[in-house]
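Asks: The structure's right below; bear with me while I get my questions together.
The values are calculated or read from the model by the stated rules, or taken from the named source; none is laboratory data. It should be emphasised that the depicted structure is a prediction, and the values quoted were computed from it without experimental measurement. Backbone-built Cβ (ideal geometry, glycine too); neighbour counts: all protein chains shown.
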């Protein structure tokens, strides 16, 4: 992590806001949907400081680390780049962004397959509705896509999407407990 990037973080955040990157606010989602999104994508979100190596089901990447990919890397490839990604998340983004703002950015930059970036365009494309108008299953279907947008989108792979939704619903209901940090696919569900 370069000191230059660290000190430029507040400017980067303001630049993205002024460019209109946030087209839909996390607060526009119903409370239940906000809870579902966090529990599935980053269950330790409100406890961690950008990185989570403890919460079962957290996976390799927190919401803050996802933002670090967008903010600091032109082309992110897994491997050794995970180290600076984690450092940026922990020491640059976490102290400079509220959790609410992190979620605002996350739902607007996440890729949902079929060329759709952001929850609003994805929701309108797949379901012809705004995100807050989706029923619970439609919302979970949209969130299911985030683990692997090309393989799990409901248009190209409806069966894979339905299976992922089934597993997420078992997890949300409490019928499945992830078997460690990396079990964000809920393999045993």
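Asks: Here's a check for you: in the stretch 135-161, which residue that is over 14 Å from the mean Cα position of the chain (by Cα) and touching a residue at least 40 places away in the same chain (Cβ under 8 Å) is surrounded by the fewest Cβ atoms within 10 Å (Cβ to Cβ)?
Replies: It comes out as 155.
Asks: What is the number of the single condition among (1) in contact with a helix residue (DSSP H, G or I) (Cβ under 9 Å, 6 or more places away or on another chain); (2) surrounded by fewer than 20 Cβ atoms within 10 Å (Cβ to Cβ) that residue 40 does not meet?
Replies: The one condition residue 40 does not meet is (2).
Asks: Oh, and also: Assess whether residue 13 counts as being more than 16 Å from the chain's Cα centre (by Cα), outside any loop (DSSP other than H, G, I, E, B) and free of Cβ contacts under 8 Å to residues at least 12 places away in the same chain.
Replies: no
Asks: Of all helices (runs of 4 or more DSSP H) completely enclosed by the stretch 97-167, which ones contain at least 3 residues that are in contact with a strand residue (DSSP E or B) (Cβ under 7 Å, 6 or more places away or on another chain)?
Replies: none
Asks: Check off (1) at pLDDT 90 or above; (2) under 23 Å from residue 185 (Cβ atoms); (3) in a loop (DSSP other than H, G, I, E, B) for residue 67 and give me the number that stays unchecked.
Replies: Residue 67 satisfies all of (1) at pLDDT 90 or above; (2) under 23 Å from residue 185 (Cβ atoms); (3) in a loop (DSSP other than H, G, I, E, B) except (3).
Asks: Examine the stretch 70-82 for a residue that is over 11 Å from the mean Cα position of the chain (by Cα) and under 22 Å from residue 167 (Cβ atoms), and state whether such a residue exists.
Replies: No - not one qualifying residue is present in the stretch 70-82.
Asks: Next question, about the same structure. Just need a number here: residues in the stretch 103-128 that are over 21 Å from residue 20 (Cα atoms) and surrounded by fewer than 16 Cβ atoms within 10 Å (Cβ to Cβ).
Replies: Result for the stretch 103-128: 1.
Asks: Say whether the condition of being outside any loop (DSSP other than H, G, I, E, B) and surrounded by 15 or more Cβ atoms within 10 Å (Cβ to Cβ) is met by at least one residue in the stretch 50-63.
Replies: Scanning the stretch 50-63, I find at least one residue that is outside any loop (DSSP other than H, G, I, E, B) and surrounded by 15 or more Cβ atoms within 10 Å (Cβ to Cβ), so the answer is yes.
Asks: Under 24 Å from residue 68 (Cβ atoms) and without any contact (Cβ under 8 Å) to a residue 24 or more places away in the chain: which single residue out of 116, 167, 129, 187 fits that description?
Replies: On inspection, the qualifying residue turns out to be 116.
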